[in-house]
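Structure first, commentary second.
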Amino acid sequence: MTVDTTENEWATVGERIRLARESAGISVRELSRRIEVSASHVSQVERGLASFSVRALYSVVNILGISMDSLFEEATARITT
C-alpha cells in the first residue's frame, strides 16, 4: 500500500465518519468531547488530513452506532476498483 493509497483510504473513512456523525445529529465539538480529542483533529480526520488512533476510532464507531467494517470495507472497495 502506497502513501497515496493510505491517504485516499483515510479520506474515504473520514467522509464516512462525517456522514455518520451528521446523520446522528452530533456536532464536531460534541464528538471530540466524547472521544477526548480536539475538534480540530476530528475535522482534519473528516477531511482526510489526519487519522484517529485505534482507541479514538473504536470510540467513534461506538458513539455513532456504526461498524468498523463499514468504514474500511467501503474504502478498500473504492480504492481497488
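The values are calculated or read from the model by the stated rules, or taken from the named source; none is laboratory data. None of these values were measured; they are calculated from a predicted model. Glycine also receives a Cβ, built like all others from the backbone with ideal geometry; neighbour counts cover every protein chain displayed.
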Subset of segment 21-34 (residues that are within 19 Å of Ser70 (Cα to Cα) and either surrounded by 19 or more Cβ atoms within 10 Å (Cβ to Cβ) or of a type in the set (Asp, Glu) (or both)): Arg21, Glu22, Leu31
For segment 61-74: of the residues being within 11 Å of the chain's Cα centre (by Cα) and within 13 Å of Trp10 (Cβ to Cβ), which is modelled with the lowest pLDDT? Phe72
